[in-house]
Amino acid sequence: MYALNHSIGRKKVINENAISLGMDKRIVLLGPPGSGKGTQAERMESELGYKRISTGDLLREAVRKQTSLGKKAKEYMDAGELVPNQLVVDLIKEKVEELDGGYILDGFPRTLKQAEVLEGITDIDIAINLDVDEEELVDRLTKRRTCKECNAVYHLMFNPPKAEGKCDKCGGELYQRSDDTEAVVRERLRVYKDNTLPLVEFYSGKGKLVNIPGTGSIDEIFEAIKTQL
Ligand code: AP5
């Protein structure tokens, strides 16, 4: 065990829904690849009104659109390596500064350097760490399917779509991410242990860490997260 797709416009986003629900925390979601960060962030966004910024989704969108960032990021992502810090920091900084009210950072920070940069931009209230056994992570990721249109995630066994190959939410086509092959997944887990796991201690030292077991049903984990908000 290891101890957006939401598009945000250029104007300042006042997250009224989250504020009216009292859901105004600034949250970092930590956990290894496949621990359910995206799945839970999606629920927190749709049911609790949090804004979600997913660096993985933003980078995949840049790759799809073949922007200069996307062209630089692609080879790192396909190999399961981290995209260089500066590229990701430039991408995230403006997004975070535009937000007001509660939000979730899914996939950022991923290195101590990124965490230090984040400290200079905003005050994080809580870091939620989802903890899942390695072999389960491999199984989850190699059987994951993702929507091309809205980035919703499914699992062929644990969370299958109602119609094969089609997103329940928007009808978009489901695909297998190029980094969800077993070899790349194992490399992502190695990269996670070397670079991202130290963040658990970083946020623990600041008294902001909450560990939540990432195994159990998606509903159970969501309920456990809600008790911390
Ligand atoms: P990113 O897209 O962020 O990938 P990740 O962190 O590896 O996380 P995943 O999206 O793979 O998993 P998840 O924890 O969101 O799990 P999910 O909910 O989908 O990053 C991709 C790449 O971009 C990186 O490798 C890197 O190259 C680059 N990058 C991104 N951010 C970066 C940064 N800050 N710095 C540098 N580079 C960066 O769930 C997984 C599966 O499990 C799904 O099939 C789901 O249905 C299923 N599932 C979820 N919960 C459960 C449950 N409770 N029980 C059973 N199955 C479940």
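The values are calculated or read from the model by the stated rules, or taken from the named source; none is laboratory data. Being a predicted model, the structure only gives us computed values, none of them experimental. Every residue, glycine among them, receives a Cβ derived from its backbone with ideal geometry; neighbour counts consider all protein chains shown. These area figures cover heavy atoms from the full protein model, side chains too; ligands, DNA and RNA do not enter into them. Shrake-Rupley method; radii C 1.70, N 1.55, O 1.52, S 1.80 Å.
Overview of results
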item	result
Residues of region 125-135 that turn out to be open to solvent by 60 Å² or more (accessible area, probe 1.4 Å) and part of a helix (DSSP H, G or I), as a count	1
Flag for Glu75 being part of a helix (DSSP H, G or I) and more than 23 Å from Arg186 (Cα to Cα)	no
Residue within region 87-95 that is more than 27 Å from Arg26 (Cα to Cα) and open to solvent by less than 10 Å² (accessible area, probe 1.4 Å) present	no
Identity of the residue in region 136-156, more than 9 Å from the ligand (Cβ to nearest atom) and in contact with a Gly (Cβ under 7 Å, 6 or more places away or on another chain), that ends up most open to solvent (accessible area, probe 1.4 Å)	Glu149
Unmet requirement for Asn159, which otherwise passes all of (1) open to solvent by less than 60 Å² (accessible area, probe 1.4 Å); (2) more than 8 Å from the ligand (Cβ to nearest atom)	(2)
Some residue of region 102-112 being surrounded by fewer than 21 Cβ atoms within 10 Å (Cβ to Cβ) and over 20 Å from Gly36 (Cα atoms)	yes
Yes/no for Glu173 being at pLDDT 95 or above and more than 14 Å from the ligand (Cβ to nearest atom)	yes
So Val83, is it assigned to a helix (DSSP H, G or I) and not basic (Lys, Arg)	no
Whichever residue in region 197-229 is within 8 Å of the ligand (Cβ to nearest atom) and assigned to a helix (DSSP H, G or I) and, among such residues, is most open to solvent (accessible area, probe 1.4 Å)	Glu220
Members of region 156-196 that are closer than 20 Å to Val63 by Cβ and outside any loop (DSSP other than H, G, I, E, B)	Glu173, Leu174, Tyr175, Ala183, Val184, Val185, Glu187, Arg188, Val191
Odd one out for Lys169, checked against (1) in contact with a strand residue (DSSP E or B) (Cβ under 9 Å, 6 or more places away or on another chain); (2) open to solvent by less than 60 Å² (accessible area, probe 1.4 Å); (3) within 29 Å of Gly102 (Cα to Cα)	(2)
